[in-house]
Structures are given as C-alpha cells and as structure tokens.
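Here's the structure we're looking at; comments come further down.
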C-alpha cells in the first residue's frame, strides 16, 4: 500500500471526526432529552429502583444487557476454544 | 400455473419451462449421438488408458493449476498487482478501511 | 516476598469478594450492579492467581465455566419470567412479594426490598461476569503452562 | 405463546447456547439432541414470523412493556427496545433459519469429537442467535450489540483449527477488522444519539434532517457495515475467514455477511431513506462492481479449493450490492427498473446462501473424504464421490448463473434492472458471471474429473441429507422462480423500496 | 474556569498523554501499563462526568482486568516490539 | 469554559487508535490500538450524557436539587465496556496462539494468508 494514500485517508478521517466533534451540539447541553427525562422521572414509579442507570441496564434496555452477557459468554467460549489443549 | 413460474423483468418475462424443455431436447440428442459410439470399445481393457502425444501417460491428470495456463499468463499484468494487493498485512487492510471511510466522508459530508 | 504477597492476598481476597457482593447487592440503590461487582470480585480472583499460581486453580476451570453457563441461563430465564406480558417485563416490581416493595418519588435513602427482578438479574449477571472474567484470566495463565514448557 | 414468536426465535437460541456446555456434561447425545431441537425450534419460529409478516404486515414487539404492541411511552416517543420485523427482516430470518437447519446436522457429524466440539457448537448457536437478533431488531444500539455477538462468535468459529497457524491468523485479522467496524458503527450511533437523544431506528429516522453530523454518521455506518459485509476494498478478511473456518460453519459466516448487508440496506433505505441521494447509490454500485471483478479474478488463481469457493462467495456480494445499489440510485426518481434490480438483489441473497452454502458443504465433504483441499493434490474424486460431484457441479452452475438454475433467475433481474441505468454495469456483471463459470469449471475439473482418485472415508448419510436439502432448494428456486419472487421477494424488496413510511407508522403510529 | 472544569481538562489531557505513551513505547510491558493508567484516568474522567456506575466498571474491567490479560499475554509471548 | 473539548479528546483518541492500527507492526500493539478507539468511543458516549451542573442519576442519598445527567449513555457505556474487554481478550488469545506457532508477533511475518 502506498504510504501517501494511507496518510491522506488517515488525515481525512481524523479531520472529519474532529470536525464532527466540533460541529456537534455544545458539550453539556443536550438538545433532545425526552427519553432520558422519562427514565429519570418514572424509574421509581414503574420499577421502584433508585438507581436509574441500573433500571435502564436491566429493565428498559434489558435486552441489550442480555446481548452483552452473550458477548461475554461468547468471548469466554471463544478463548476456551482457542486456548484449548489439543489431544495429540 | 403460469404465474408461479414466470418472473417479470420489466421488459418481458423469464420462464425456465421452455429452457428446460430445450435442454431436455439437447440431452436426448446428445444421448442419441453418444449411443452411436464405437461398438468395439470395451471397459477395463487398455483402451481405457489415456493416450497423450504418441505414448501411454503414466499420470495423465491435468491438475487444476495448469488449466487455463495460457489465459492466466495472458492476464498476468492484471493479476499480479491484484495478488500483491491482497498482501496479508493487517495494517494495509486497516488502511483500506480508512480509504473507504475517507471516500464516504468526502462523498457525503462535503 | 511471596509470603508477604500471599498474606496480603489472603486478607484482600475475602474483602474483594465481600465488596463485590455488596456492589452487586446494592446495584439498584447505589452506584454499581452486576458487572461492576462481578468485575471487582474477578480482580480478587486474578490476585489469587498471581499470588498462588495458576496450577492450583487448574481444576477450578470446569467449575468456573459451569458457573458462567448457569449465570447466563439464570439471566435468560429471568427474562423468560416476564413472558406472561412480554420478554423482560419486570413482573416482580411493586408486586408486594420478593423485592416487590414500593419506593417514594424523589431522593430517599432507599430500601433493599425494591426493584423487582433487577436485584435477581444483578446477581445472575454478577456471577456470570465473575466466572467469565475469572475463566478468561485463568485460561490465559494456564495456556502452555503444563505440558509445553 | 405465538404472540412472542419473534423474541422466542432469538431468546431460545441464546438460552440454548448458554445451556449447551452444561448439557454436554451429561452426555454427548443429550447435547446433540438439544442443539438439533433448538435449531428446529428456531426454524419453526422464523417460518411462523415470516408467514405472519408476509400476510399481515409489520410485526412490532416491545420488550419489557406491559403489552407487546405498546410502542410509545406517554408523550409520544419510544423508550424501550423493540423488535420491528418487516418483510425484509423476515426474509433474512428465513434465510438464516433454513441455512441453520442445513448446517447444524452437517456440523454435528463434521466437527471432530474432542474437547472443542461442544464449544464450537455453542458458538454456532450463538452466531445464529446474533444473526436473527440483527435481522429483527428495530433499535440502533441493539443492532450494534448483536453485530458484536456475531463478530465474536464468527471469529471463534474461524479460529477453530488451532493446530494450524493459518486459522488463528485469519481469526485475528477478522476480529481486528470486525471490532474496528463495530466501533465505528457505535460511533455513528453515538453521534445520532447526541443529535436526537433517541436510539429507536424509526424514531431517529423520523427526526433526521440531514445536518452535517447526520451525514458524518451515515458515512461511519457505511464504512463499518461495508467492512463487515466484505465489500471490495475491505473484503480482505472474507476469503481468509471462509477458507479457514470448518466448512460446515462457513455457511453461517456467509449468512453473517449477508445480514450485515441487510443492516446496510436498513440504514440506507429506512434510517436515511428521506435524504438518500444518488451519490451513495453510485458508491454502492461501483463498490459492488469492484467486488465482483476483483473476487472473480482472484478466484481464478487460487490453488486451495476452500479459498477458491470463498472468493466465489465474495464475488456474489457484489451482485447483491449492484442490484440494490441500482435501486438506491433510482430511488429518488422512482423509476420502475430500480425496483426490478432491487428484486434481483434481494432474491440473490437467498440464492447466494443456498448455492455458496452447497459449495461449502461439498468442500467439507471432499475434505472429509480426502483430508486435504489443495487442488494440486486432488483429482478424480468424481468416481468415489459421485453425489458430491454432482452437487458441486449443480452449485457452480447456479453460482455462475446458468439458466434453469436459481442463480440465473435472480441475475436476470439484476441485469435487466441495471441495463436501464447503464449497459456498462450489465456488461461487467455478465463478464464476471462468465469468469466465474470458468473458475468453477476449473475447480470441478481439478477436483472431480480425471482418472480415479483414492477416497478413504465414506460420506455419512447426514452429509448427503444436508447436501440434498440444498440441491432441492436450488432446483425448486430455479424451476419455479415466479412463485418465490411473487410471494417472498417482492414484499421484501418493497419493504425497502417504499416501506419506510409503513415502517415509521408501525412504530410511531399514524 | 471552575475547579471542576480544570480537573476535567487536566484529566483529559493526562488521558491523551498516557494514550500517546501506550502507542509510542516500544516496551510492550510499559505500553500495557500505560494503557492501564489510561483506563484508570478514564475512570476518573467518568467520575467527573457524574457517571459513578461507569467509573466503577471502567476501573474494575477496563483498568484492572484488561491490564491483567495484557500482562498475561505479554508474559506468554515476548516483551519487546520487533524493529 | 471548555467548549467541546471532551468530544474533541474522544475523537483524538479514536484517531490515535487508527494511527496505531495503520503504522504499528506488533500484534499486541494493534490490540492496544483497538483499546484506544474503544476508550475514545466510551468517553464520547459518557460525555454526550453530561448535563451542565448535573448530579448522578441515582436517587439514593442524592442532593435534593440540580438536574440529573442523562442515564441512557451510561447504560450504553456499561455494555460497551464489557464488549470491549471481550474482544480484547479474544484478540489476545489469537495473538498468543499465533506466537506459539510462528514464534513472532510481527505482522510482516504473519502473512501466510495472501493472494
């Protein structure tokens, strides 16, 4: 691979990423937040959970957490498969 | 019945029925020709052995890499850069991802 | 040197397990939860591994993977529990039974017996993460250690 | 229970995957039976979901709500993860379910019984669950999670043969590229979340205005998913992975690439459907052409049968991209030929899964009987393995698009559709098909023809069953294409082509 | 600039510095330790951004266990990066 | 104030990781690069959720006033962190096995699969 092509592509990608970071809304001032306001407002009423993050992780987005537990399980299975001792 | 077979392409339609009938006809023709082969051919005799350029070949197999040798040789100027492109170096592969990302960014954002 | 490390580990390992358990148990009240508690306990396990060597724990590999499978099955089963309504519906919250207590709105000290299936899921995930990360570290430490070197 | 069919199709294999190592401690037979049961259950669920969706429209299932159809919270926005199964998702699910039904019995016999078999089967089931999760989900972050599930499971499968040095190498490279693509997808999701504060696909789609950040995240999605789908300049992992994975599981890897491609269509047509312009379409079309040309030329010079078939599989990705890309170019003006091309591209997904799957099964059978896949050492296997030889011939003809078979049925739609856009596209696609025919004629001649080759093992009947299933599929799809195009392909293509409004309405109401 | 902003800025700058260290150090062991330090600083940044849940997870998983796995992997292979 | 500095830092981390992927030849270094991209994305998610003057979204013993920071990105980041450690572990396992076969971690020498 030509080094200048890689360098140009890298500069382009990095430049656009940083440009995107600047072009995004100002830090600390979310524009749309109705979903999060809902979580903050109703997690106690619906789930009786004081920790809103846990309420989201295990209830509102519990399915994600199932997927994420699957990722961990898959990775452990994969590591066990890769590092298994082969019977000669 | 017809509609379960035809697919419409905008210009017309494609139906495998006619093609299959034609293929069957060609097959029958081929079998007819084949059946008119030499009567004195016997299986299991030395007639079965391949005969290449005047002598009995020991291992008459033409391996797959030798097939299309001339064609591949003719295409070599195109094929060898292509093979070099698949260099096996993981950094190159990551760099090509960056190239695709850059092209997409240029196309979409600018 | 080894003695010092082992002594410290003997003291710290139970503490890390207890702290991990605490983090898991209070996941619905204070910062923390299944992952965090499991990770804390797993780092205690990693410490034991460093201090006492991997070989002593070699036979625990099967136990860890079984525990991980069990944690995963328990977590998925807790999801299936809500199938009367929908998958992952929290049917225990505010039901009055186990973990079914109510909680007032606004800042409050919190009570352990709330949040329905959340604490149970925390425990399942905690065990799973503990076993999974412990198994990864153990597998790395054991690799090539016995018959190849 | 039938209300829960979409989630059961995903959750049961997840639970089944967790349980496989436990059941393997009881007995091998229990484990094998469990694996088959889970796959069968998934097949039934997927079929039920597809039948329901094709007849009654989009199926929305909200996870964790009191009522599975209660999509919106008070206030009019979705808060929970939901599955949104439209005809395209159901179509992908059908492909995955059918291929799993074929692949797992084969794998049960094919993978050597040692310590690794249980783990490998577990990974296979989790890969299936991940594929279905990607196909059915209607949530951006959830899509990312299942993308990672498929990545990790796929790499575990690729690295199965740890006794060679090539398999871990392929797996490392694939894993590195997969995680880069996954992370960039996540970055795109994060940018969209930062803009609109929401993660639901339909809701975000309704909000998108086409600002700079939106376009930036579209570029990130595009790059990440193209990498995962093995499109041309970033396809390098695919031949390594397909070639080195055990042949029985390579089928699932093919479906994995296809579902990434499906994710790309979902992003382009549904998420950004309102502002997709011809530029993206031309990008997809040109990358598709590049993919098919490069992969077909590279297949010409391979000496390893598995790697040759792998390049053939990559070249088929190009046809799908060409078909749907032509549709994307034509979308803004909405001429009809775009829809024809999209029908072809979508139909080709199904055909590609069947033909390439059959090729991989044949490669697996050859390796089982002969112990090697090197074309220089193979030859004359047609005498010992006539069934495998016939199946391989049939699959190669179908892959090259020879008329009465299924590959032609989808390719003619792609040709006709792309011809109206530009004849050059069609010319390149036809040339590639011819090149592929040459490639596979070479492979067939090298492996199966010639004087009798020694065959050690006997092919088990399970292999022949799996191969036979796929052969029947290819013949049926080839001889009665009209039925399938009418019943399942057209709704699926329509779901992408004009389905955005319906998709949004199903989630957001009204 | 408030104290909070100053602390956040300092943490972020330290994160970048440790990341650069993790990239440029040729000794893999040192690079892995730099990555661990970066994880710990990242967890501090998460804490400053009012995310204690994530901070605990990052400190436990991202900093401690990832570093442990890296160290084990380096121990099983070789320590120096090839020229 | 500090403006969009946290976002920019995240992107710098991502770019640094990409730079590592393109230039470094050691497999473990490449895994470190992936880790950098990942921490950049995680930091980006968490800083997206920050609200000026916010308090953590936990009601137990919370100070009575002040807006809470957005909880969703924190939940996403938790998931993302665990996914990150999973991929890292898997890649390191592959690297260790490759080293066992080839005796090297140099990407230039690990090129059996080419052409």
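List of remarks:
- Filter result for residue E:45 (touching a residue at least 24 places away in the same chain (Cβ under 8 Å) and buried (at least 21 other Cβ atoms within 10 Å of the Cβ)): yes
- Those residues of region D:301-310 which are facing chain B (nearest Cβ under 10 Å) and closer than 16 Å to residue F:114 by Cβ, in sequence order: D:301, D:302, D:303, D:308
- For region A:34-61, filtered to residues that are more than 8 Å from chain D (Cβ to nearest Cβ) and touching a strand residue (DSSP E or B) at 6+ places or on another chain (Cβ under 6 Å), the residue that is farthest from residue F:3 (Cα to Cα) is A:48.
- Residue D:315 vs. criteria at pLDDT 90 or above, within 20 Å of residue D:127 (Cα to Cα) and in contact with a helix residue (DSSP H, G or I) (Cβ under 8 Å, 6 or more places away or on another chain): no
- Matching entry among C:74, C:46, C:39 (being over 30 Å from residue A:44 (Cα atoms) and in a helix (DSSP H, G or I)): C:46
- The set of residues from region A:1-33 being facing chain D (nearest Cβ under 8 Å) and either exposed (fewer than 15 other Cβ atoms within 10 Å of the Cβ) or more than 24 Å from the chain's Cα centre (by Cα) (or both) comprises just one member, A:31.
- Residue match in region D:50-67 (condition: closer than 30 Å to residue D:158 by Cβ and within 19 Å of the chain's Cα centre (by Cα)): yes
- One residue stands out in region F:72-115 among those that are in contact with a strand residue (DSSP E or B) (Cβ under 9 Å, 6 or more places away or on another chain) and part of a loop (DSSP other than H, G, I, E, B): the one that is nearest to residue D:311 (Cα to Cα), namely F:107.
- Condition check for residue A:37: within 21 Å of residue F:47 (Cα to Cα) and part of a helix (DSSP H, G or I): yes
- Among the candidates D:50, D:24, residue that is more than 30 Å from residue D:113 (Cβ to Cβ) and either more than 10 Å from chain C (Cβ to nearest Cβ) or touching a helix residue (DSSP H, G or I) at 6+ places or on another chain (Cβ under 6 Å) (or both): D:50
- Test: residue in region F:50-65 that is touching a residue at least 24 places away in the same chain (Cβ under 8 Å), crowded, with 24+ Cβ neighbours inside 10 Å, part of a loop (DSSP other than H, G, I, E, B) and within 11 Å of chain A (Cβ to nearest Cβ): no
- Residues considered: D:174, D:179, D:217. Of these, the only one that is more than 9 Å from every other protein chain (Cβ to nearest Cβ) and either under 18 Å from residue B:93 (Cα atoms) or crowded, with 24+ Cβ neighbours inside 10 Å (or both) is D:174.
- Residue D:185 being under 13 Å from residue D:228 (Cα atoms) and either more than 8 Å from chain A (Cβ to nearest Cβ) or more than 18 Å from the chain's Cα centre (by Cα) (or both): yes
- Qualifying residue in region D:20-28 (condition: touching a residue at least 24 places away in the same chain (Cβ under 8 Å) and within 26 Å of the chain's Cα centre (by Cα)): yes
- For the residues D:133, D:194, the requirement of being in a helix (DSSP H, G or I), surrounded by 24 or more Cβ atoms within 10 Å (Cβ to Cβ), at pLDDT 90 or above and assigned by TED's automatic domain parsing to the domain that holds residue D:8 singles out D:133.
For (1) in contact with a strand residue (DSSP E or B) (Cβ under 8 Å, 6 or more places away or on another chain); (2) surrounded by fewer than 16 Cβ atoms within 10 Å (Cβ to Cβ); (3) more than 8 Å from every other protein chain (Cβ to nearest Cβ); (4) modelled with pLDDT under 80, each residue gets a yes or a no:
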| position | (1), (2), (3), (4) |
| --- | --- |
| C:47 | no, no, yes, no |
| C:65 | no, no, no, yes |
| C:97 | no, yes, yes, yes |
| C:104 | no, yes, no, yes |
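- Counting only residues that are out of contact with any strand residue (DSSP E or B) (no Cβ under 7 Å at 6 or more places or on another chain) and touching a residue at least 12 places away in the same chain (Cβ under 8 Å), region D:51-75 holds 5 of them.
The values are calculated or read from the model by the stated rules, or taken from the named source; none is laboratory data. As the structure is a computational prediction, the values presented were derived from the model and not from experiment. Every residue, glycine among them, receives a Cβ derived from its backbone with ideal geometry; neighbour counts consider all protein chains shown.
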